[in-house]
Amino acid sequence: MQDSNCIFCKIANKEVPAYIVYEDEEFMAFLDIHPQSPGHTQIIPKTHYRWVWDVPNTGKYFEIATKIAQAQRKAFGTDWVLSRIIGDEVPHAHIWVFPTNEVEGDKADLKENAEKVRKNL
């Protein structure tokens with residue numbers, strides 16, 4: 001199920017470009033276009049679910065979030081990676097995972113930051 005008005009569904013369908021750092025048949029992770037810090041990643045199910053708690057396979061979902069966080073730790077030289085699950089910004093289940101603001105790097109350099117995360121997965 002997809003929502004034709006949902007920006008995250010459009011990203012999952014590759015109708016809208018994104019800096020994808022991870023993708024499998026069920027989930028996708030891409031850099032946030034308004035990053036809190038370098039490497040700020042959104043992790044979504046490819047199927048449209050309104051809330052994270054509605055996603056059937058939350059175990060796999062959180063395993064992916066953990067992999068992304070560990071890659072960010074290596075990529076940006078920090079142990080401090082934050083996560084956030086609120087869901088009010090975009091009405092599609094998503095998990096924010098982002099290194100602390102104290103890491104070095106340009107948070108606006110999405111291409112470079114995506115490469116750093118992918119390299120460390």
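The numbers here are math on the coordinates, done by the rules we state, and not lab data. Predicted model only: the values in this text are computed from it and were never measured. Glycine gets a Cβ as well: all are built from the backbone with ideal geometry, and neighbour counts include every protein chain shown.
Side notes on the structure shown:
- Likely footprinting exposure, 83, 37, fewest C-beta neighbours within 10 Å first: 83, 37
- Working note: 222 nm ellipticity from helices only, DSSP H runs with n ≥ 4, each -39,500 (n - 2.57), summed and divided by the residues of the chain, gives -9000 deg cm²/dmol to the nearest 500.
- Ascending count of other beta-carbon atoms within 10 Å, so fewest first, for 86, 44, 20, 33: 86, 33, 20, 44
- Taking chymotrypsin sites (Phe, Trp or Tyr not before Pro) across the stretch 1-103, the ones in a DSSP loop with at most 14 further Cβ atoms lying within 10 angstrom of their Cβ are 51, 80.
- Amide H contacts under 5 Å for residue 22, placed H, 5+ residues apart: 29
- Nearest-20 debye value, the chain charge dipole, Cβ charges on Lys, Arg, Asp, Glu: 200
- As a size descriptor, the averaged projected area of the C-alpha convex hull of the chain was calculated at 6.7 nm².
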